[in-house]
Amino acid sequence: MLIRKVYPCNMLLMLIVLVGLTSCKKRTAQEKEIPEIVTPPTDSNKTVTTPPVDDKNKIVIEIIFEGNPTKATATPAKLKFNKIGWASAEWDDNSIGALKGFEKLKTTFYTDGCGNKIPYTAAVAVNGRNQYSNEEAAKIPNNVNYDQMKTFINAGWDIENHSYYHDPTGNYNFGTDRDRNVKELDDLLLKNLQYKLNGLVVPTNYDGFPTAAKKIGYLFSTSQGTFDGFEPAGKPVYKNVQDFDLAPKDFSSFNRMFFDDWAEMERNVKQAIADIGTKNNPYFRFASHGIDEAAFNRIIDNFQSSTADKILFIPTREAMEYRVMSSLPIKYDLDGTKFTISIDVKNLPDRIRWRDLSFLVSADKKITAVNILSLADKVTFNSTTGLVNVFKQVKTW
Ligand SMILES: [Zn+2]
């Protein structure tokens, strides 16, 4: 399998300038992998052979074939890396159980379908302040703190909104003002982490939180029983393995398995792992306030061996955001050996963190290289299967 990394554009431009200053003949094989991005000419006698891609509103890549194909097509894969399903885990209430889960997940991998290992990731649902002491939840001992949240984010985990005050009672609360609880925690985490949230875990069973999550622009909420009537939770009644096609792309109110008894958790999640091959486009979600490390490790080992690199283990946000990306306008253009894919991100909501897309490319010539022309962080490809992955992520706002 051929894998080629392409460096960020600013580095590329610096490299191109440096190479130009020395000698074109000195270009090494590695430097030849640099995409042909040319800065606009300052001298009117020069022409630009490959025009720079016009603006910051497009992610553009260029696929190079070994010869001129008679035809080339590409479609976004249904799920990232062309996997057939996904699973998510989350810890509520700033639980430090997440830290122990992290130790196992960061050493367990699926692949991107191009030979690169990617660690399993999960999510932590956090509060803003304690409703009795008004202490900031991230500063209370034995809670996940801001530094740990940053570590999680940088490792590919997500942070979820679990309401500013967990309950409408106590010395400090916002009563039944769900919008304020969601918005003020959103603001607090933006201030402390420079991170925008895109999902909510309903605190206790208070209705109105899924509605508030949708209203602020999040892509999902989750709960064991509170869905405000949003799909897919009630259709059909379920909490284990389900069909992701039943979950609306713009906002989904997910059910989940929730256990603090890890014997129960292990039994139920292992059953879900056994069932995940029985549904179309399947997923399941599970959550807890804590962890039994031995049981968790057995669950993850069982997941990895049973799913054989076919199922993603990712935050729910990542699964939901992928579908937003795959719904964007995409243009395809074949010109000789070059096949350009241009993704229009102009109307993409600012909250979207994972701007990745995987393409299934079909042509009668093999892919020999993939270059970034605009915005992407990285590309990987598999010349045997025609899978091309485009990576683009926002981690700070
Ligand atoms: Zn809670």
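The values are calculated or read from the model by the stated rules, or taken from the named source; none is laboratory data. As the structure is a computational prediction, the values presented were derived from the model and not from experiment. A quick note on method: Cβ atoms are made from the backbone with ideal geometry, for glycine too, and the neighbour counts reach across all protein chains shown.
The table for this structure:
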| item | result |
| --- | --- |
| Residue in the stretch 73-90 that is within 16 Å of the ligand (Cβ to nearest atom) and either surrounded by fewer than 22 Cβ atoms within 10 Å (Cβ to Cβ) or farther than 29 Å from Met325 by Cα (or both) present | no |
| Residue match in the stretch 190-205 (condition: without any contact (Cβ under 8 Å) to a residue 60 or more places away in the chain, surrounded by fewer than 20 Cβ atoms within 10 Å (Cβ to Cβ) and in a helix (DSSP H, G or I)) | yes |
| Residue in the stretch 101-114 that is outside the structural domain of Thr340 (by TED's automatic domain parsing), part of a loop (DSSP other than H, G, I, E, B), within 16 Å of the ligand (Cβ to nearest atom) and on the phi < 0 side of the Ramachandran plot present | no |
| Qualifying positions in the stretch 355-384 - crowded, with 18+ Cβ neighbours inside 10 Å and either among the hydroxyl-bearing types (Ser, Thr, Tyr) or without any contact (Cβ under 8 Å) to a residue 60 or more places away in the chain (or both) | Ser358, Ser374, Thr380, Ser383 |
| When residues of the stretch 139-164 are limited to those that are out of contact with any Leu (no Cβ under 9 Å at 6 or more places or on another chain) and within 16 Å of the ligand (Cβ to nearest atom), the one nearest to Ala287 (Cα to Cα) | Asn143 |
| Where Ala74 falls short, out of the listed (1) assigned to a loop (DSSP other than H, G, I, E, B); (2) over 25 Å from Phe313 (Cβ atoms) | (1) |
| Residue in the stretch 51-65 that is within 16 Å of the ligand (Cβ to nearest atom) and either more than 30 Å from Thr337 (Cβ to Cβ) or modelled with pLDDT of 95 or more (or both) present | no |
| Odd one out for Asp93 among (1) more than 20 Å from Tyr283 (Cβ to Cβ); (2) away from the ligand (no atom under 16 Å from the Cβ); (3) assigned to a loop (DSSP other than H, G, I, E, B); (4) in contact (Cβ under 8 Å) with a residue 24 or more places away in the chain | (2) |
